[in-house]
2 protein chains.
Amino acid sequence: MKRLALLSVAFALAARADEGMWTFDNFPAKKVRQKYGFSPDAQWLQQAQLASVRLAGGCSGSFVSPEGLVMTNHHCSHSCIEQLSTKEKDFVAEGFYAPTLENEVKCPEIELNQLIQIGDVTARVQGATKGLKPGKEFNDKRKAAMASIERECAAGNDRLRCDVVELYHGGQYSLYKYKRFQDVRLVFAPEVAIAFFGGDPDNFNFPRYDLDVSFLRAYEDGKPVRTEHYFRFSPAGAKEGELTFVSGHPGGTDRELTMAELQYQRDVALPERLFDLAQLRGALTMFTEQSPEHHRIAENALFGTENSYKAIKGRFEALVAPTLWKQKAERERALRAKVDARSSLRQKYAGAWDDVAKVVAMFQPRRKEYRYVEQGAGFNSPLYRIARDLVRGTEELQKPNEQRLREYTDARLPQLKQGLFSKAPLYEDFEVFKLSYGLVKVREELGADHPFVKKVLGKKSPQELAQELVKTKLYDVKVREQLWQGGRDAVLASSDPMIQFARMVDPDARAIRKWYEEEVETRETVGAERIAAAKFEMEGKSNYPDATFTLRLSYGAVKGYEENGHRVDPLTTIGGAFERATGRDPFRLPESWLRANEKQQLNPSTPFNMCTTNDIIGGNSGSPVFDKDRQLVGLIFDGNIQSLGGEYGFDETVNRAVAVHSSALIEALDHVYGAQRIVAELKGAPVTATGPAAR
Amino acid sequence: MKRLALLSVAFALAARADEGMWTFDNFPAKKVRQKYGFSPDAQWLQQAQLASVRLAGGCSGSFVSPEGLVMTNHHCSHSCIEQLSTKEKDFVAEGFYAPTLENEVKCPEIELNQLIQIGDVTARVQGATKGLKPGKEFNDKRKAAMASIERECAAGNDRLRCDVVELYHGGQYSLYKYKRFQDVRLVFAPEVAIAFFGGDPDNFNFPRYDLDVSFLRAYEDGKPVRTEHYFRFSPAGAKEGELTFVSGHPGGTDRELTMAELQYQRDVALPERLFDLAQLRGALTMFTEQSPEHHRIAENALFGTENSYKAIKGRFEALVAPTLWKQKAERERALRAKVDARSSLRQKYAGAWDDVAKVVAMFQPRRKEYRYVEQGAGFNSPLYRIARDLVRGTEELQKPNEQRLREYTDARLPQLKQGLFSKAPLYEDFEVFKLSYGLVKVREELGADHPFVKKVLGKKSPQELAQELVKTKLYDVKVREQLWQGGRDAVLASSDPMIQFARMVDPDARAIRKWYEEEVETRETVGAERIAAAKFEMEGKSNYPDATFTLRLSYGAVKGYEENGHRVDPLTTIGGAFERATGRDPFRLPESWLRANEKQQLNPSTPFNMCTTNDIIGGNSGSPVFDKDRQLVGLIFDGNIQSLGGEYGFDETVNRAVAVHSSALIEALDHVYGAQRIVAELKGAPVTATGPAAR
């Protein structure tokens, strides 16, 4: 009986079907060959890796020409498009197209990363804390080791980015070395009405009809970056049943959490996030409806809020569904039984699950303080984040690299500075809205009698305090630069209200963070590391690690599915969009499409969107979909509603990635937007200062 | 071992400590005597019963003079106070005081009920479905029996109200016969700033400083109602440790739900309600902030939303707390084990719990249709409810009483008509807000492709449809009266957009309701009835039934508690309110209080609010708190945060009812508001047309 139980566990543990967000250094080539008759070799993998990029803010993308042209989603560039817009010219509504290179405009806050090397630093990171009990010294040593590794790797070169990445929940530490591009310019974006056709109602649904694309270009020294690694467009695109690969940066999954952690997610963390997001959604919707200008400056924030709300709601629903929960519980039970059954395993690992459960119980009563005081959930304003970076950053920079808070170590400074000195406009009334909203929330969540709330609000109402804070001078990038250069003394001498506010918050925030890192995080690290080691000892590395916003490769196929007893086809057509349109937002097609259709310039049978069995999740937005010849056949922009449970496990029967079909991309660029410069570049024409000749 | 287990279950099942919302016909007098050395006799109980009233809209109250003066909470009259206000005169903000009888103003929608008789109709209701399987006939017979009983009882007299009440989840049916008062006038209300001092942040908290009171007067034939049953004010008020009774109308508890039902509440129903409420709260907050007028017309809606949100959040948190869940699971396990252990019980009851679980599973996939299509969760506007009552009511009235939908039976018509022909003002922009909001929600929750959504919206956006619907003529009470009198033909002939909309919705709504009543409700009734019978057979009626918004009596004492390691005193003082005040909403004291304090007219050591161990819940708002001599010592208006878990069980160590102390009521009426007419009446002076002489 015991043997059978063990076998069935081993089977459950092995990645099934097309499941898996695989690291490039552990791709299951054999398994893919068995199922699809093809498997990539080392060179293939390297080419795909180097042609993929990460948008450091939270998306994926790919090089699609030798001259630095990058394809990603519209919703990944949405904030840039909004930042480049003005009251007079709204590129989100109207779309953007730079007819020549000179017209390409720099995005204030986009950083691109191209992964050039992966190294294993497990021994060095784990070695730093060897023999130490969880606590202050453990935390200090561990953070110092990671900071050293990253600094050595980048060696002071801001064009490199080095991140120590924790995989398998601490079972393995990898060093990811990237080329970093911070001069990234907007080349093309369609109108949001077609990029996000169907809006929130259709978000995370399929069938779908979205042209969720934008083109950016990476520059270095004022010139387009030349790269030999890029994806070429497939002339025909993918068909039903065809093998597809997706390389991208899934943001995070929780497939390996313990039951105690899952229960915390189900009963506490996810509901609380959803209550927050739902209320913010209600308020933001009203804010955007107050005036066209409010709509313009806040619509991306609303999109982000609705998108998170729907995604997290899907996760919550997956956790309260009895089947998944039972599977998870059974898996943990069997794993622990296996550990308990063998004394060599038992001695090393038996207590690990209970230890993690204790950490969860310890964190829970202080979760709100951590979230509202340290994580700034109530001060949800870029002005506050800027002030905090100035206050903390100037203090942290006085310490040696290895002793700083992680986000102020040398390796992190280039990205920090990009945000700090961003020229993106900030709007006072939106800041007032966000700060008042957040301050009310802090009072609500911590309670009116909490010492921190009393300290922050005093006798003021949240609205009054918000009005005072937005009188800050930090809108002006020069003021930020002066304070940063003036260092700690300049910050201490500043009478700016937001700087003073951030200074007032900081001691409390540092205190709860110190407690969190030293008491919670270290214990969690030790517990998770032991569970990971137990799994390695029993299974080897036959499994992929939970997603960590680092490059992964997934394989799958263009494939429909069954829903409520009827079949969903894997491909939609451009004609379908016209059938679905009502003329009213969010089902309103833009003028450009109506015109092109009227002039019969669009082929209604062109495939528009498609769904595939690739295992992806949030962060994969903008990922290239390509075939075995590494030809680009699509652009990931979503998953179906069933994919949201992918946070916890992959169900191939219904979980689908959703992508724009490559044919629709070319068709629209060519026949709706007349963007021949881009079409030509995608087809291999050289880029000139004025672009390829219009046909 | 088994014996011990059974004993411990019996112990757990017996109501502990001060627990219990007892019906007046099954009050545990012996238990009270054992603990407090006093127990009420039949006459005492009858007097208390007759001096108590229900506000049919969802609150409790009491007669406090022989001339129909009724005391309840401010928040129970809030909607009336708002309805009587205008853009020019805002009684919510400024307070209301009728210096003479002539100045008392009729509330458009308040109905008072005085319980005059309780009868047992179990045999007749259960007998109607004897031998029937759940389904259509079962439903028809059961509803017909209830309608007949109610009609016979009221015998066509609109001044009587008769409700068949389902107690013990169908274990017992009682007939509650009330005197009905629909001419109810506003006498006094303080400013909302002191009625709800501390606002949402302090709601469901203690210590507390609220004067949450209003006075109404019941009229009959244009004259104050004379009643010999009323509560006299205690000269001294209650002190710590004193025995207190609360008679009132707790709205509902779920203490006897099965684990399957509780799990549905925890995982589905409560989270979904909270997501809804949180979003609505965000939107409503923004709506009220748009202008002073929007604030005036929507603040009660916002209060209601925030109040429900906080209350339901407390319930959710109680269900995800491991202790309560384990207790509940253990109780059910033990109960079922006891049933399984004895063959006589097993044969009758063993399958009941699983049957209920099946009903829950059956309902779950269609819950949203029921909620959005039939319950109108997306058409959250009085205009829609009016239209629906006209459409449905005129159709239902063509049928015999026994065949109608419950809410259109003869016994229900007086209350229905009060709402339908209410002169309460309706505001177009608030209606647009509610309808747009709701229509977006319908589309979101049912999905853009749901046939009902397509039928309702067509190619329109929710906002467009809302704008069309508010062009209805139903603002005008005369129009409603004409349609009602014109009956079904008039409604069918009407071209009013809201009437046509309600007609379009009705067939779908009736279909899902039919399914719900015949397939879900009947099965649930049968299952719950069997569980109730099992409990009766094992325990007798030693327990109280779950609350059902019918009159209950609870006993307890003025008593503090421990919270986070420190002691909370059971009494606050008027001086404490001045210490807590910040001068900013919601911690701003009204001018009248500041003035009275300046002139040293207020005694700062007067007890203001108090907490007691009485077992209450939402619906008890406005309940009198009285001593063993039936002297009024307080006015229930809230429970502490720990009381929210009272939905599922009573924990005497921390669950507290929160009341205004009688001394504060007199002090404020006398020294802040100069309401000597009321003070004198409370002290026994006769009422005259001009009121008792001012002192």
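Assorted remarks:
- The residues of the stretch A:310-322 that are assigned to a helix (DSSP H, G or I) and more than 8 Å from chain B (Cβ to nearest Cβ), listed by number, are A:K310, A:A311, A:I312, A:G314, A:R315, A:E317, A:A318, A:L319, A:P322.
- Looking at A:V660, A:V687, just one residue is at pLDDT 95 or above and either more than 23 Å from A:D202 (Cβ to Cβ) or among the hydrophobic types (A, V, I, L, M, F, W, C) (or both), and that residue is A:V660.
- Counting only residues that are in contact with a Phe, Trp or Tyr (Cβ under 7 Å, 6 or more places away or on another chain) and either open to solvent by 10 Å² or more (accessible area, probe 1.4 Å) or small (G, A, S) (or both), the stretch B:654-665 holds 4 of them.
- Test: residue in the stretch A:327-335 that is crowded, with 21+ Cβ neighbours inside 10 Å, within 14 Å of chain B (Cβ to nearest Cβ) and either in contact (Cβ under 8 Å) with a residue 40 or more places away in the chain or of a type in the set (D, E, K, R) (or both): no
- Close pairs (6 angstrom Cβ cut-off, 6 or more residues apart or separate chains): at the interface with another protein chain (Cβ under 9 Å from one of its Cβ atoms) in the stretch A:188-204, in a helix (DSSP H, G or I) and open to solvent by 10 Å² or more (accessible area, probe 1.4 Å) anywhere: A:D200/A:E306; A:P201/B:R443
- Filtering A:V187, A:V164 for residues that are over 19 Å from the mean Cα position of the chain (by Cα) and among the hydrophobic types (A, V, I, L, M, F, W, C) leaves a single hit, A:V187.
- Looking across the stretch B:578-595, the residues that are within 14 Å of chain A (Cβ to nearest Cβ) and not charged (D, E, K, R) come down to B:F578, B:A581, B:T582, B:G583, B:P586, B:F587, B:L589.
- Any hit, the stretch B:243-251, residues being open to solvent by 20 Å² or more (accessible area, probe 1.4 Å) and within 11 Å of another protein chain (Cβ to nearest Cβ): no
- The residue that is nearest to the other protein chains (Cβ to nearest Cβ), among those in the stretch B:269-296 that are open to solvent by less than 10 Å² (accessible area, probe 1.4 Å) and either farther than 25 Å from B:D638 by Cβ or outside any helix (DSSP H, G or I) (or both), is B:A283.
- Meets criteria (more than 25 Å from A:R366 (Cα to Cα) and surrounded by fewer than 17 Cβ atoms within 10 Å (Cβ to Cβ)) for A:R480: no
- A:V165 more than 21 Å from A:M71 (Cα to Cα), away from chain B (no Cβ under 14 Å) and assigned to a strand (DSSP E or B): yes
- Looking across the stretch B:650-677, the residues that are in contact with an Asp or Glu (Cβ under 8 Å, 6 or more places away or on another chain) and more than 14 Å from B:V625 (Cα to Cα) come down to B:F650, B:E652, B:T653, B:V654, B:N655, B:Q676.
- Elements of type strands (runs of 3 or more DSSP E) in the stretch B:530-607, at least 1 residues being open to solvent by 10 Å² or more (accessible area, probe 1.4 Å) and under 26 Å from B:G646 (Cβ atoms): B:561-563, B:566-568, B:571-573
- Filter pass, B:A42 being exposed (fewer than 14 other Cβ atoms within 10 Å of the Cβ) and modelled with pLDDT of 95 or more: yes
- Which listed residue is within 20 Å of the chain's Cα centre (by Cα) and within 14 Å of chain B (Cβ to nearest Cβ), from A:I641, A:I636, A:I617: A:I641
- A:V453 vs. criteria touching a Lys or Arg at 6+ places or on another chain (Cβ under 6 Å) and farther than 30 Å from A:L167 by Cβ: yes
- Residue list for the stretch A:459-472, filter: within 11 Å of chain B (Cβ to nearest Cβ) and open to solvent by less than 20 Å² (accessible area, probe 1.4 Å): A:S461, A:P462, A:L465
- Screening the stretch B:225-242 for residues that are open to solvent by less than 20 Å² (accessible area, probe 1.4 Å) and on the phi < 0 side of the Ramachandran plot and picking the one that is nearest to the other protein chains (Cβ to nearest Cβ) gives B:A238.
- Test result for A:G419, of a type outside the set (V, I, T), surrounded by fewer than 19 Cβ atoms within 10 Å (Cβ to Cβ) and either within 14 Å of chain B (Cβ to nearest Cβ) or at positive phi (or both): no
- Taking the numbered list (1) crowded, with 19+ Cβ neighbours inside 10 Å; (2) in a helix (DSSP H, G or I) in turn, B:A511 passes all entries but (1).
- In the stretch B:297-309, the condition of being facing chain A (nearest Cβ under 10 Å), touching a Phe, Trp or Tyr at 6+ places or on another chain (Cβ under 9 Å) and buried (at least 18 other Cβ atoms within 10 Å of the Cβ) is met by at least one residue.
- A single entry from A:Y437, A:Y516, A:Y427 fulfils the requirement of being hydroxyl-bearing (S, T, Y), surrounded by 21 or more Cβ atoms within 10 Å (Cβ to Cβ) and within 28 Å of the chain's Cα centre (by Cα): A:Y437.
- On inspection, A:V456 does not qualify as touching a Phe, Trp or Tyr at 6+ places or on another chain (Cβ under 6 Å), assigned to a helix (DSSP H, G or I) and open to solvent by less than 20 Å² (accessible area, probe 1.4 Å).
Yes or no, residue by residue, for (1) assigned to a strand (DSSP E or B); (2) open to solvent by less than 10 Å² (accessible area, probe 1.4 Å); (3) more than 28 Å from A:S247 (Cα to Cα); (4) in contact with a Ser or Thr (Cβ under 6 Å, 6 or more places away or on another chain):
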{"site": "A:I110", "(1), (2), (3), (4)": "no, no, no, no"}
{"site": "A:Q117", "(1), (2), (3), (4)": "yes, no, no, no"}
{"site": "A:Q126", "(1), (2), (3), (4)": "no, no, yes, no"}
{"site": "A:A144", "(1), (2), (3), (4)": "no, no, yes, no"}
{"site": "A:S148", "(1), (2), (3), (4)": "no, no, yes, no"}
{"site": "A:C153", "(1), (2), (3), (4)": "no, no, no, no"}
{"site": "A:H169", "(1), (2), (3), (4)": "no, no, no, no"}
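- Residues of the stretch A:231-268 classified as part of a strand (DSSP E or B) and of a type in the set (D, E, K, R), total: 1
- Selected residue (criterion: nearest to A:P108 (Cα to Cα)) from residues of the stretch A:48-74 that are out of contact with any strand residue (DSSP E or B) (no Cβ under 7 Å at 6 or more places or on another chain) and open to solvent by 10 Å² or more (accessible area, probe 1.4 Å): A:G57
- Hits in the stretch B:206-224 - residues which are open to solvent by 50 Å² or more (accessible area, probe 1.4 Å) and within 14 Å of another protein chain (Cβ to nearest Cβ): B:P207
- Per-region count, the stretch A:171-193, residues closer than 30 Å to A:Q676 by Cβ and either outside any strand (DSSP E or B) or touching a Cys at 6+ places or on another chain (Cβ under 7 Å) (or both): 8
The values are calculated or read from the model by the stated rules, or taken from the named source; none is laboratory data. These numbers come from a predicted model, not from an experiment. Backbone-built Cβ (ideal geometry, glycine too); neighbour counts: all protein chains shown. Calculation scope for accessible area: heavy atoms of the full protein, side chains included, ligands and nucleic acids excluded. Shrake-Rupley method; radii C 1.70, N 1.55, O 1.52, S 1.80 Å.
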